[in-house]
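One structure is given below, encoded as structure tokens.
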Amino acid sequence: MTTVEKTEVQTKKEWEPQIVAFCCNWCSYAGADLAGTSRIQYPPNARIIRVNCTGRISPEFILASLEMGADGVLISGCHPGDCHYSSGNLKLRARLAIMKMALEQAGVHPDRVRLQWASASEAQIFADGVTTIVEQVKALGPLRSEWK
Amino acid sequence: MAEPTSIAMAQGSSCWGCFQSLIDIHLNLATVLPMLDIKYWQCVADFKLKDLEGYPDKSITVGLYEGVARTEEDIHLLKTMREKCEILIAFGSCSCFGGIPCLANFSTLEECLDVKFRNNKTVKDGEVPTENLPKIAPVVVPNSTIVDFEIYLPGCPPTSKLILTALTALLTGKEIELAPHTVCHYCDRERKETPLTEILRPFEGIADPDRCLLEQGYICVGSATWGLCEGQCVNHGATCRGCFGPPPPITTDQGAAAISMFGSMAPLEPEYLAEKVLDPLGCFWRFTYPTSHLGGIRIKREEAKTK
């Protein structure tokens with residue numbers, strides 16, 4: 001079954017956005033883990049991908065996710081100044097600032113991409129972040145709806 | 001002397017710059033031309049499209065296609081070239097990645113027609129011409145989605161040296177060997193590994209002639225660009241705009257790679273960047289928009305509108 005067919009089946013039921021979440025190994029990934037062990041409730045739409053540092057995330061990851069059918073991308077990393085590798089998160093922040101402008105120019109709503117800072121102890125912030133992006137993307141509708 | 005190789009050269013929507021660069025090999029033309037049997041070359045030899053259509057399939061050894069396929073005539077020409085040529089070369093960045101003509105994808109076709117014909121500043125009561133003209137495609141797609149190419153020869157234009165190297169290798173039956181380095185490899189400027197403190201427009205300040213332009217704050221995408229140009233621009237004081245596209249494998253997203261590099265070197269405040277980097281899409285994807293992820297999304301959306 002191709003991805004296109006899958007999406008069609010989903011729109012018939014009730015459409016749920018697919019979110020790709022890139023989480024930093026040192027903070028947000030542990031934060032997401034804590035959210036699970038603390039039994040915090042949050043939408044199940046996010047597919048979490050662990051990266052060693054948010055500085056590892058190239059804009060290509062985000063753009064490829066969107067082109068391949070993700071409706072939104074969440075990036076969760078350490079607070080500025082707390083990066084395990086000292087400045088990886090600041091590098092991502094700069095990339096994302098430019099990328100969001102490029103997204104808007106290309107006609108993709110920048111609200112489809114969200115950056116948040118959540119440390120290993122901030123399970124609630126992580127869960128709230130997922131809720132926020134799911135709500136944002138639900139308001140915008142499926143990315144592919146514009147293609148059909 | 002061996003039998004001359006048959007060659008066809010076709011031009012889609014483009015500026016003729018690549019073929020000009022071919023002619024610019026000057027005296028070497030004397031070596032190359034006797035090796036060629038020109039079967040089709042719109043502006044130079046007196047062959048018509050029906051002549052090209054009349055050749056048997058795969059009867060021409062080498063075909064060069066310059067430019068994108070914006071009109072239906074271009075698309076037909078490109079497909080005919082594919083049928084008639086054994087080796088089809090995507091000649092120049094437009095043909096490989098979309099290049100400058102594909103900046104039209106930033107706007108819809110109607111917006112383009114408004115600027116060019118209806119509200120053209122130099123014309124009164126302008127209207128879109130329709131008579132005797134081929135239809136314009138609603139969105140420009142990369143040539144590689146229409147036909148398959150054997151060889152990609154990027155550049156805006158490909159340098160005369162590159163064309164000579166590629167053509168002689170092809171005509172003598174050798175493999176074309178191209179170095180995979182980026183523009184930075186050929187750049188003589190010194191990098192001190194210091195982060196950027198400010199972003200400058202090309203006309204601001206006076207650049208240090210010996211230091212990396214990106215480190216000085218001028219946006220240079222040389223690090224994400226294939227250095228077949230051997231660093232012409234950067235060594236003469238101008239920033240690289242990325243005209244040779246991404247280094248091999250050339251299917252990667254050049255703009256994304258350039259932003260990745262730029263972000264690593266300039267960990268600045270988002271508000272400051274938003275104020276200083278005015279046109280990121282045109283700055284980082286100037287030559288490769290249609291083959292990039294963002295361009296792909298745009299093409300799918302525009303095509304969906306016409307269905």
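Overview of results
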read-out	value
Carbon plus sulfur fraction of accessible area for the protein assembly as shown, probe 1.4 Å, in percent	54
Charge context of B:SER93, other residues only, Cβ under 13 angstrom, K/R +1, D/E -1	+1
Accessible area, probe 1.4 Å, largest first, for residues A:ARG114, A:ARG95, A:ARG50, B:ARG201	A:ARG50, B:ARG201, A:ARG114, A:ARG95
Diffusion constant of the stretch B:198-307 at 37 °C, which comes from Stokes-Einstein with the Kirkwood Cα-pair radius and 0.692 mPa s, µm²/s	219
Normalised per residue, the volume of the convex hull around the Cα set of the protein assembly as shown (Å³)	188
Cα-derived Rg to Rh of the stretch B:6-126, Kirkwood definition	1.05
Cα-derived Rg over Rh, computed across the stretch B:134-278 with Rh taken as Kirkwood radius	1.04
Reduced Cα scattering model of chain B, Debye log10 I(q)/I(0), q = 0.10 Å⁻¹	-0.63
Test item: A:83-93 mean partner chain Cβ contacts at 10 Å	3
Tensor-based shape of the stretch B:39-94 (alpha-carbon gyration tensor, a/c under 1.5 rounded, otherwise prolate or oblate)	rounded
Extended-chain gain in nm, criterion 0.36 nm per residue less alpha-carbon gap, A:ALA139 and A:GLN124	3.1 nm
Local net charge near B:GLY173, Cβ-Cβ under 15 Å (Lys/Arg +1, Asp/Glu -1)	-4
Prolate/oblate/rounded call for the stretch A:100-145, Cα gyration tensor, a/c under 1.5 rounded	oblate
Where B:CYS18, B:CYS156 fall by accessible area, highest first, once all protein chains stay in place (1.4 Å)	B:CYS156, B:CYS18
Residue of B:ARG286, B:ARG241, B:ARG189 that the Gaussian network model of chain B assigns the largest fluctuation, springs spanning Cα pairs under 10 Å	B:ARG189
Summed side-chain charge close to A:ILE57 - residues other than A:ILE57 whose Cβ falls under 12 Å, Lys, Arg +1, Asp, Glu -1	+4
Whole-Hz ³J(HN,Hα) from phi, Karplus 6.51 cos²θ - 1.76 cosθ + 1.60, for the stretch B:143-148, glycine and proline x	4, 5, 7, 8, 9, 9
Debye, to nearest 20: dipole size of the stretch B:195-249, +1 on Lys, Arg Cβ, -1 on Asp, Glu Cβ	180
Relative contact order [Cα under 8 Å, 6+ residues apart], chain B, whole percent	18
Rounded accessible area of B:LYS39 (nearest 10 Å², 1.4 Å probe)	60
For B:TRP226, distant residues with modelled amide H under 5 Å away	B:PHE244, B:GLY245
Accessible area of chain B divided out per residue, in Å², using a probe of 1.4 angstrom	49
Taking the convex hull of Cα positions in the stretch B:46-204, its mean projected area over all directions (nm²)	15.0
For B:ASP24, solvent-accessible area (1.4 Å; no DNA, RNA or ligand), Å²	60
Dipole of the stretch B:125-211 [Lys/Arg +1, Asp/Glu -1 at C-beta], most positive-end residue of B:THR194, B:THR168, B:THR130	B:THR168
Two-decimal ratio, the stretch B:159-203, of alpha-carbon radius of gyration to 2.2 N^0.38 Å	1.90
Signed unit charges on C-beta, dipole axis of the stretch B:1-126, positive-most listed residue B:PHE117, B:MET35, B:VAL62	B:PHE117
Spread of Cα-to-Cα distances over 5 Å intervals beginning at zero, given as percent, for the stretch A:27-79	4, 16, 26, 24, 18, 10, 2
Spin-label model distance (nm) - B:ALA45 vs A:ALA64, 7 Å beyond Cα toward Cβ	4.3
Within the protein assembly as shown: Cβ-based charge dipole about Cα centre, in debye rounded to nearest 20 (Lys, Arg +1; Asp, Glu -1)	680
Using distinct alpha-carbon pairs, which all enter the 1/r mean, Kirkwood radius of chain A in Å	15.6
Cβ-based charge dipole, the stretch A:15-148, positive-most Cα from A:ALA97, A:TYR85, A:ALA46	A:TYR85
Length added when fully stretched, B:PHE117-B:LYS174, from 0.36 nm per residue minus Cα-Cα	15.7 nm
Where N is the number of residues in the stretch B:247-307, Cα Rg divided by 2.2 N^0.38 Å	1.33
³J(HN,Hα), Karplus 6.51/-1.76/1.60, whole Hz, each residue of the stretch B:185-200, x for Gly, Pro	4, 9, 7, 7, 6, 8, 9, 10, 6, 9, x, 5, 10, 8, 10, 10
Most to least accessible of B:LYS135, A:LYS91, B:LYS307 (protein chains only, probe 1.4 Å)	B:LYS307, B:LYS135, A:LYS91
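The values are calculated or read from the model by the stated rules, or taken from the named source; none is laboratory data. Keep in mind it's a predicted model, so treat the numbers as computed, not measured. Don't worry about glycine lacking a Cβ; one is built from the backbone with ideal geometry, like all the others, and counts go over all protein chains shown. The area values use the complete protein model at the heavy-atom level, side chains included, leaving out ligands, DNA and RNA. Shrake-Rupley method; radii C 1.70, N 1.55, O 1.52, S 1.80 Å.
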